[in-house]
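The values are calculated or read from the model by the stated rules, or taken from the named source; none is laboratory data. Fair warning: this is a prediction, and the values are worked out from it, not measured in the lab. Heads up, the Cβs are rebuilt from the backbone with ideal geometry, glycines too, and the neighbour counts pull from every protein chain shown. These area figures cover heavy atoms from the full protein model, side chains too; ligands, DNA and RNA do not enter into them. Shrake-Rupley method; radii C 1.70, N 1.55, O 1.52, S 1.80 Å.
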Amino acid sequence: MRLHLRGRGLPDGEEVQWWVHDGVLSAEPISNADTAFDGGWILPGLVDAHCHVGLGPGGPTSVEEAVEQAETERDVGALLLRDAGSPVDTRSFDDRDDLPRIIRAGRHLARPKRYMPGLPIDIEDESQLPVYVAEQARFGDGWVKLVGDWIDRGVGDLAPLWSDEVLVEAIAAAHAEGARVTAHVFGEDALPGLIKAGIDCIEHGTGITEDTIDLMLEHGTALVPTLINIENFPGIADKAAKYPTYAKHMRDLYASCHRRVAAAHEAGVPVFAGTDAGGMVAHGRIGDEITALRRVGMTPTEALGAACWDARAWLRRPALTHGASADLLCFRSDPREVGVANPDLVLLRGRVWG
Ligand SMILES: [Zn+2]
């Protein structure tokens, strides 16, 4: 199938024309191409920079359910997913041309009883963290996921999982394998050690302070705040009545979250869109996260870029370029005004999906 598309690109709004042949984009005209779209906006496929394929409300899913999750993402135009830790091996999905591309972080790495049961690899002896990190770096697609903090039931509050010293070694071990590292962090205390150790990204980051924002700027750390999942904090606090200090901490983090993420964005920390779909959030909600990012001070163009061209550059994946896979969306109306929920055309590997 040979296709021709004409419209305007973003963020610059310039007129663009693309031809598609054998699933690949061409900036050069291709003969006998059908014009599939003319007038409107043409964007690279959306990016959900934090979701979990193979994780559902009840924990690990079957492979069939994981396929359905990936299909749901495809149908809303999320054609590139950064999987921030999954207990299910989805690498066989790479052979399917009907599913979004997935950048995997392998399995979550945690200490025993310091994350949701059944999800992470539990590491008894923290000095072994660098070994496990290197293993997950080789298993994944360029990212490793740590659990940075979680409730410590002995303390009755959020607490860091790892010592600063082992984080330095562990992150260096990932970088030596060519992988980047990110961490789940809700509270304040785990952030300085992770950022100073050279972590590449912070997930959630509800506990960022002025000081940690400065550290993130100094170290080039990105933030994926998963704002639509933070909406679950009050419910988490309600269920934690046995741990009143923790419950209050979660409520306080919820109350200050928008102000803190807005401060990080304003200061220049790179912020990307991730839904955290797969646990308490359903798949297919990237559009809601884009809307939420606008409530922390991102312009409509910035919020869309955080789930599209800017996220692709950060993840080192192509946007719309000659020779790249034709993974794109077309909108008759400006998606910054009408939202991204109803693309008029979804192309994945050059194939029309909707
Ligand atoms: Zn997550």
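What's the center-to-center distance, using Cα atoms, between segment 37-66 and segment 201-258 in Å?
24 Å
To the nearest 10 square angstrom, how much accessible area does GLU71 have with a 1.4 angstrom probe?
We get 50 Å² for GLU71.
In the Gaussian network model of the chain, springs joining C-alpha atoms below 10 Å, which of TYR115, TYR243, TYR254 carries the largest mean-square fluctuation?
TYR243
Enter the angle in degrees (range 0 to 90, nearest 10) between the Cα long axis of helix 244-267 and the first principal axis of the Cα atoms of the chain, meaning the one along which they spread out most.
Approximately 40 degrees, to the nearest ten.
According to the square roots a ≥ b ≥ c of the eigenvalues of the Cα gyration tensor, what is the shape class of segment 273-354, taking rounded for a/c under 1.5, prolate for a/b larger than b/c otherwise, and oblate for the remainder?
Details: a/c = 1.40, a/b = 1.39, b/c = 1.01.
Taking the square roots of the gyration eigenvalues as a ≥ b ≥ c, segment 273-354 is rounded.
How much length is gained on full extension from ASP122 to GLU169, taking 0.36 nm per residue of separation minus their Cα-Cα distance?
Value of the extension gain: 15.1 nm.
For segment 46-315, give the share of DSSP beta bridges that are antiparallel, in percent and rounded to the nearest 5; count only bridges with both residues there. Could you put the intermediate results ahead of the total?
Working: 6 of 32 bridges.
So the antiparallel bridges amount to about 20 percent of the total.
Counting only C-alpha contacts under 8 Å and six or more residues apart, can you give the relative contact order of segment 46-315 as a whole percent?
19 percent
Using a probe of 1.4 angstrom, how much of the accessible area of the chain is carbon and sulfur, in percent?
Accessible surface attributable to carbon and sulfur in the chain totals 48 percent.
With axes computed from alpha carbons, what is the tilt in degrees of helix 210-219 against the longest principal axis of the chain, rounded to the nearest 10 within 0 to 90?
Approximately 60 degrees, to the nearest 10.
For segment 263-305, just the Cα atoms, rotate onto the principal axes and tell me the three extents in Å, largest first.
30, 17, 15
Which residues in segment 320-340 place their backbone N less than 20 Å from a point set 7 Å from the Cα of ASP38 along the Cα-to-Cβ direction?
Counting only backbone N, you get 329-334.
Please give the per residue volume of the convex hull enclosing the alpha carbon atoms of segment 46-315, rounded to a whole number of Å³. Write down the numbers at each step before the final one.
Details: hull volume 30.2 nm³, N = 270.
In segment 46-315, the Cα hull volume divided by residue count equals 112 Å³.
Cut-off 20 Å, label point 7 angstrom out along Cα-to-Cβ of SER333: give me the residues of segment 1-43 whose amide nitrogen falls inside.
7-10, 13, 37-43
Pairs on different chains or at least eight residues apart, Cα atoms closer than 19 Å: how many lysine pairs in the chain fit?
Final tally of qualifying lysine pairs is 5.
How long are the semi-axes of the equivalent ellipsoid of segment 135-286, taking √(5λ) for every eigenvalue λ of the Cα gyration tensor, in whole Å from largest down?
24, 18, 17
Any idea what angle helix 63-75 forms with the longest principal axis of the chain, computed on alpha-carbon atoms, 0 to 90 degrees, nearest 10?
50 degrees
Whole Å is fine, so just give me how far the alpha carbon centre of segment 83-159 lies from that of segment 305-347.
28 Å
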